[in-house]
1. Kindly list, by first and then second residue, each pair from a residue in the stretch 32-54 that is assigned by TED's automatic domain parsing to the domain that holds E21 to a residue that is surrounded by fewer than 14 Cβ atoms within 10 Å (Cβ to Cβ) and in a helix (DSSP H, G or I), limited to pairs with Cβ atoms under 7 Å and residues at least 6 apart or on different chains.
2. In the stretch 115-130, which residues are within 20 Å of G161 (Cβ to Cβ) and surrounded by 15 or more Cβ atoms within 10 Å (Cβ to Cβ)?
3. Condition first: on the phi > 0 side of the Ramachandran plot and either under 12 Å from the mean Cα position of the chain (by Cα) or in contact (Cβ under 8 Å) with a residue 12 or more places away in the chain (or both). Can you find one or more residues in the stretch 109-129 that meet it?
4. Among the helices (runs of 4 or more DSSP H) confined wholly to the stretch 3-114, which include 2 or more residues that are among the hydrophobic types (A, V, I, L, M, F, W, C) and loosely packed, with under 13 Cβ neighbours inside 10 Å?
Amino acid sequence: MATQTPLTGSARERLLAAAGELFYAEGVNTVGIDRVIERAGVAKASLYKVFGSKDELIWAYLMARHEATKQRMARELARYDTPRGRLLGVFEVQGETFAEPGFRGCAFVNASAEANPGSRIQAAADHYREWVRELFEGLATDAGAADPVALARQLVLLYDGAGISARMDRDPATAEVSRAIAAALVDAALGAAAPPGSPPG
């Protein structure tokens with residue numbers, strides 16, 4: 001087995017980094033707290049001092065994952081010059097993650113599958129889902145869709161399905177298919193919104 005690189009930073013940073021590795025790879029319920037502590041190289045007391053409980057560590061892990069996703073999406077979408085390009089760019093950014101080593105699907109889909117109703121895990125997943133819907137609705141509105149909510153619902157469904165398909169089929173090329181379908185949906189929605197003879201957005 002390859003030697004793992006020691007984690008660095010504060011106890012909080014090391015615990016979050018260890019949780020990020022282990023929870024994403026193996027599941028938030030499967031991984032015991034002792035393994036996180038061992039990987040982080042901190043005392044058990046440090047975890048309870050910083051986070052209070054495993055549930056709070058899971059919440060912090062998911063919120064850190066959410067923030068990283070938001071920042072990456074904002075940074076990458078800034079490359080696109082048109083509203084249509086940014087809508088389709090979401091699928092291109094998603095597709096880049098499919099080819100990354102260790103890709104195991106959406107962290108929030110995985111975690112919510114292990115969540116109990118009303119749990120902190122479910123709350124974190126709900127928070128993330130709200131952001132995904134708002135992202136697509138905002139981009140669809142910017143692009144001039146006649147019904148941005150309806151288009152966003154279609155694209156969210158496609159986004160979810162692409163992530164699950166790429167994970168289960170172990171096929172990064174899923175991104176090419178999902179982007180092509182997204183382009184057809186977007187062009188149909190924008191075509192319906194545009195007056196006759198107007199150029200595409």
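1. Going by the 7 Å Cβ cut-off, the qualifying pairs are I37/K44.
2. Correct list: A125, Y128, R129.
3. So far as the stretch 109-129 goes, no, none of its residues is on the phi > 0 side of the Ramachandran plot and either under 12 Å from the mean Cα position of the chain (by Cα) or in contact (Cβ under 8 Å) with a residue 12 or more places away in the chain (or both).
4. 54-77
The values are calculated or read from the model by the stated rules, or taken from the named source; none is laboratory data. Treat the numbers as computed from the prediction; the structure is a model and nothing was measured. Methodologically, a virtual Cβ is constructed for each residue, glycine included, from the backbone with ideal geometry; neighbour enumeration extends over all protein chains shown.
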